[in-house]
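Heads up, the thing below is written out as structure tokens.
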Amino acid sequence: MAETVQQALRDLLENDTAAIVHDTGRWTWREHLQEASAQAAALLSLMDHDRPVHVGALLGNTPAFLHAIAGAGLAGFPLVGINNTRRGEGLARDILRADCQILLTDAEHAPLLDGLDLGDVIVFDVASPEWRALVDGAGPLEPYREVGPTDPFMLIFTSGTSGDPKPVMLAHMMVLFSGGTLVPRFSITSDDVVYLSMPLFHSNAILAGWCVSLCSGAAMAPASFSASHFLDDVRRYGATYMNYVGKPLAYILATVERPDDIDNPLRVAFGNEATDRDIEEFGRRFDCTVWDGFGSTEAAVIITRDEGTPPGSIGRGLPGVDVYDPETLTPCAHAEFDDNGALINADKAVGQLVNTQGAGFFTGYYNDEAATNECLRGGMFWSGDLAYKDADGWIYLAGRTADWMRVDGENLAAAPIERILQRLPQLSRVAVYGVPDDHVGDQIMTAIVLRDETSLVPEEFENFLSEQADLSPKAWPRYVRIAADLPTTATNKILKRALEKEGPTAGNGVLWVRENEKYVVA
């Protein structure tokens, strides 16, 4: 039984089943890992082994990125996933913060480096003759080291929804734990095809997608996510399994349904942050199983949906996962609900998701002891995510720590309001956030994206809100913006910071304001 990614990849070295299917070509596992080994050997020949042996990948979801991931795993050095939506000094800071000696890029992303001071970082375009000659001239791979289970396999930056991204050291053991859990759960074999359309520089792609192929020998189909091309991709590649993070299911469901949508090979969609409605609708429309869970990039807090998970809940946590008050360092009170299902003790029940047993699979942020210590206060891991838990152990998200709103002297969390608004049939995506009140505290604002070929008028929205028995009158949005799209991270998470900065006076789309108990167009 392999204990590291390095060992698991070696087990596939002589495997002649499909490893990569892509519009530009197809590779067996033997061919894929031969190329990966040659690339890793070339990289090691150029690096200073007295410095951190780190290689950055500023690439799209292509076979080149998969070669880089496998090469680093076989060679025993960490690959650094560089967020290709970062720009300017932020991008340069990520590359330098992770101590990359070499940066691999391609023609699409190389222009992002123009004008940036990267010091002595060596940059290669993986499609250039120079890189090809270097790889072809490399000798047999002599690994940098034999790694252990807790050694970093990749450095993966957090999403940056609530601050600057931090590089998480993703351990070899976590990749094998994820793959070893998902493969038997979904009966994945080498006959399956894993559709990889989430960014390969992010943990979801590795811990919910790539690891499945590693642990089963299933083929990988790397792609750039597109709601309009999704079904064509699935059919063309014969994809049977997909991973997701954020709102991709909502994007896909926003497209017009076709009678033949059900005619596709997809069996399983696994990921996190989908709504109850989207989980049900996606499974029905595409005739597949959708399994949604929760896990932070740090892999310290893991929550899974069990059979019987109540509406709105994300499931139960693994041992040690709880909801704590960050001030008293004690467990929060169990959530209490009124007869309509509304939370009635938010001040006492809402706290931060923690792992009381410590760091879990989290081995720290690279070269950032202060940030590591900050999230490991009191011997527990503090996730930064707000939640509440009922007496039966079911956990409900309440947003990030910045998602508290103070409305008329009452604390309100954004996520429960979002869950109620998601019942609106026309709605595709929604964000609820606070904007400053003219006098004190906050006013609630929501930004909404509608499904394709649907519409919404103020009277309909007001009637919908009045029918939601579990929506407190204080939770009715003061401002509503109907937008064509919402700002997101590369992992499809809505950037509320950008929306909050715009406030009610900026941004695109149509703005409604609630005045005299009615919504009117501003």
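All of (1) among the basic types (Lys, Arg); (2) more than 22 Å from PRO143 (Cα to Cα); (3) in a loop (DSSP other than H, G, I, E, B) hold for ARG26 with one exception: (3). Looking across ALA127, ALA138, ALA98, ALA92, one residue alone is out of contact with any helix residue (DSSP H, G or I) (no Cβ under 7 Å at 6 or more places or on another chain) and over 30 Å from ALA300 (Cα atoms). It is ALA127. Does the stretch 171-184 contain any residue that is part of a strand (DSSP E or B), closer than 28 Å to THR401 by Cβ and assigned by TED's automatic domain parsing to the domain that holds VAL55? Within the stretch 171-184, one or more residues are part of a strand (DSSP E or B), closer than 28 Å to THR401 by Cβ and assigned by TED's automatic domain parsing to the domain that holds VAL55. Against the definition (within 18 Å of LEU58 (Cβ to Cβ) and in the same structural domain as ALA41 (by TED's automatic domain parsing)), how does LEU113 come out, yes or no? Answer is yes for this residue.
Taking the stretch 192-243 as the range and being of a type in the set (S, T, N, Q) and in contact with a strand residue (DSSP E or B) (Cβ under 9 Å, 6 or more places away or on another chain) as the test, the residues that pass are SER197, SER203, ASN204, SER213, SER216, THR240, ASN243.
Restricting LEU343, LEU353, LEU266, LEU329 to residues that are within 29 Å of ASP192 (Cα to Cα) and either of a type outside the set (Val, Ile, Thr) or not assigned by TED's automatic domain parsing to the domain that holds GLN422 (or both) narrows the list to LEU266. Checked against the criterion of being buried (at least 24 other Cβ atoms within 10 Å of the Cβ) and closer than 20 Å to LEU13 by Cα, the candidates SER190, SER213, SER178 yield just one match: SER213. The single condition among (1) surrounded by 24 or more Cβ atoms within 10 Å (Cβ to Cβ); (2) more than 15 Å from ALA75 (Cβ to Cβ) that PHE153 does not satisfy is (2). Within the stretch 247-265, restricting attention to residues that are in contact with a helix residue (DSSP H, G or I) (Cβ under 6 Å, 6 or more places away or on another chain) and in contact (Cβ under 8 Å) with a residue 60 or more places away in the chain, the residue that is surrounded by the most Cβ atoms within 10 Å (Cβ to Cβ) is ALA250.
Out of ILE69, ILE95, one residue alone is within 18 Å of LEU141 (Cα to Cα), assigned by TED's automatic domain parsing to the domain that holds VAL147 and within 22 Å of the chain's Cα centre (by Cα). It is ILE69.
Per-residue answers, yes or no, for (1) among the aromatic types (Phe, Trp, Tyr); (2) assigned to a loop (DSSP other than H, G, I, E, B); (3) in contact (Cβ under 8 Å) with a residue 24 or more places away in the chain:
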site	(1), (2), (3)
GLN443	no, no, yes
ASN463	no, no, no
GLN468	no, yes, yes
LEU486	no, yes, yes
THR491	no, yes, yes
ALA498	no, no, no
GLY507	no, yes, yes
VAL513	no, no, yes
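Annotation note: Cβ proximity below 6 Å between a residue of the stretch 219-238 that is without any contact (Cβ under 8 Å) to a residue 24 or more places away in the chain and a residue that is crowded, with 20+ Cβ neighbours inside 10 Å (sequence gap 6+ or interchain) occurs for no pair. Within the stretch 411-443, the set of residues being of a type outside the set (A, V, I, L, M, F, W, C) and closer than 24 Å to ILE344 by Cβ comprises ASN411, PRO416, GLU418, ARG419, GLN422, ARG423, TYR433, GLY434, ASP437, GLY441, ASP442, GLN443.
Yes/no matrix, rows are residues, columns are (1) without any contact (Cβ under 8 Å) to a residue 60 or more places away in the chain; (2) outside the structural domain of ASP233 (by TED's automatic domain parsing); (3) more than 28 Å from ALA490 (Cα to Cα); (4) under 27 Å from the mean Cα position of the chain (by Cα):
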| position | (1), (2), (3), (4) |
| --- | --- |
| LEU13 | yes, no, yes, no |
| ALA19 | no, no, no, yes |
| GLY25 | yes, no, no, no |
| SER45 | no, no, yes, no |
| ASP48 | yes, no, yes, no |
| VAL53 | no, no, no, yes |
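Looking only at residues of the stretch 156-175 that are of a type in the set (Gly, Ala, Ser) and touching a residue at least 60 places away in the same chain (Cβ under 8 Å), we find that the one that is surrounded by the most Cβ atoms within 10 Å (Cβ to Cβ) is ALA171.
On the basis of being of a type in the set (A, V, I, L, M, F, W, C), surrounded by fewer than 21 Cβ atoms within 10 Å (Cβ to Cβ) and either over 30 Å from GLY148 (Cβ atoms) or free of Cβ contacts under 8 Å to residues at least 40 places away in the same chain (or both), does LEU424 make the cut? Answer is yes for this residue.
Taking (1) closer than 23 Å to ARG429 by Cβ; (2) in contact with a helix residue (DSSP H, G or I) (Cβ under 6 Å, 6 or more places away or on another chain) in turn, ILE188 satisfies each apart from (1). Taken as a whole, the structure places ASP292 among residues that are buried (at least 18 other Cβ atoms within 10 Å of the Cβ) and either within 15 Å of the chain's Cα centre (by Cα) or aromatic (Phe, Trp, Tyr) (or both).
Scanning the stretch 210-230 for residues that are touching a Phe, Trp or Tyr at 6+ places or on another chain (Cβ under 8 Å) and in a helix (DSSP H, G or I) gives a single hit, VAL212.
The values are calculated or read from the model by the stated rules, or taken from the named source; none is laboratory data. These numbers come from a predicted model, not from an experiment. All Cβ positions, even for glycine, are placed from backbone atoms using ideal geometry, and neighbour counts span all protein chains on display.
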